[in-house]
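First the structure, in the form of structure tokens, and then the observations on it.
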Amino acid sequence: MLEVSDIRFSYAGPVLKGLTFALREGELLALLGPNGAGKSTLVKLIVGILRPAGGRLLLEGRDLPAMPRREAARLIGYVAQESSLMFPLTALEYVLQGRFAQGRLIGFESDEDLREARRVMELTETTEFATRRVQELSGGERQRVMLARALVASPRLLVLDEPVANLDIEHQVKMLELVRQLTDGGKMSAIVITHELNLAAEFATDVLLLKAGQIAAHGPPGEVMTEANLSEVFHAPLTVDANPASGAPRITVSRKP
């Protein structure tokens, strides 16, 4: 699905230092690491906001930075941490903007566009917001509408930058359950940045742990999310055992004596 090979990027100094990994079809990859590790920069390279200083990004075997923007938008659905809204759109109109990848414009949407927008709003439990202005929604409500907008074009790759940061625990779980269900079908893969370690352990199929622009560990949660790995990367006293309900790694913060 996605091949990242020796990707490098710098601002004033090096941020990403030769990352190499692959994302398989149907995989939900949790991207973990402390602030400044390079997580958001990597995501911005994948979605085309930034261009790599070196290395290769291939999506389904094709050079991603060279791909036409509209074609990339059909393949990649992106939910940023924050979205600046220039115009007073209703939630339904905002979701319909995601059909841009299909060549549609607001005011010229087809019956199919409307059906698809209503379908993804039902999936994300945002139907009740359809006629409300997006600016009037809470941060958590807006985050769910942004997910609907990303899904409306039926992307092959879903990229989410801290999608649960503004959500209560009920909707954190529901959002990640939905993303896992979508990827389990094999028609979509996903990359999720999150600081919620226990949610990542529970819902991700694989984890990429970043430290200072390099890969500290990559693999299934049970192999990557160990006390040694997490304590070294996050510089915090963490205890890891098994969730008694699921068997997934369970991370507990311990106060230093």
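Please treat every number below as a calculation from the coordinates, not as lab data. Bear in mind that the values here come from a model prediction, so they are computed numbers and not experimental data. All Cβ positions, glycine included, derive from the backbone under ideal geometry; neighbour counts span all protein chains shown.
So how strong a dipole does the chain carry about its Cα centre when Lys and Arg Cβ are +1 and Asp and Glu Cβ are -1, to the nearest 20 debye?
So the dipole magnitude of the chain works out to roughly 720 debye.
For n ≥ 4 DSSP H runs only, could you compute -39500 (n - 2.57) per run for the chain, divide by its residues and tell me the 222 nm figure to the nearest 500?
-9500 deg cm²/dmol
Pull up the DSSP beta bridges for region 143-235 and report the antiparallel fraction as a percent, rounded to 5.
Taking every DSSP beta bridge with both residues in region 143-235, the antiparallel ones total about 50 percent.
Between Asp63 and Ile169, what length in nm is gained on full extension when 0.36 nm per residue of separation is reduced by their alpha carbon distance?
Gain on stretching Asp63 to Ile169: 34.4 nm.
Work out, step by step, the length gained on full extension between Gln214 and Glu71: first 0.36 nm times the residue separation, then minus their alpha carbon distance; give nm to one decimal.
48.5 nm
Go through 142-149, 71-78, 47-54 and give me the packing order, highest mean Cβ count within 10 Å leading.
Numbers: 142-149: 25.5, 71-78: 20.0, 47-54: 15.4.
Highest to lowest by the protection proxy: 142-149, 71-78, 47-54.
Among all lysine pairs in the chain that are eight or more places apart or on different chains, how many have alpha carbons less than 21 angstrom apart?
6
Going by average Cβ neighbours within 10 Å, how do the peptides 129-138, 225-234 rank, with the highest at the top?
225-234, 129-138
Plugging the Kirkwood radius over Cα pairs into Stokes-Einstein for the chain, at a temperature of 10 °C and a viscosity of 1.306 mPa s, what D comes out in µm²/s?
Roughly 84 µm²/s, to the nearest whole number.
Round to a whole angstrom and tell me the spacing of the C-alpha centers of region 1-64 and region 202-244.
19 Å
Loop only per DSSP, at most 13 neighbouring Cβ atoms within 10 Å: give me the trypsin sites (Lys or Arg not before Pro) in region 1-59, ordered by residue number.
Passing both the DSSP loop test and the Cβ count: Arg24.
Which length gain, in nm to one decimal place, applies between Arg8 and Arg255 when the Cα-Cα distance is subtracted from 0.36 nm times their residue separation? Please list the in-between numbers first.
Details: separation 247, 0.36 × 247 = 88.92 nm, distance 3.66 nm.
Stretched out fully, the Arg8 to Arg255 stretch lengthens by 85.3 nm.
For Asp111, Asp206, which order do you get if you count the other beta carbons within 10 Å of each Cβ and list the fewest first?
Values: Asp111 7, Asp206 19.
Arranged by neighbour count, lowest to highest, Asp111, Asp206 become Asp111, Asp206.
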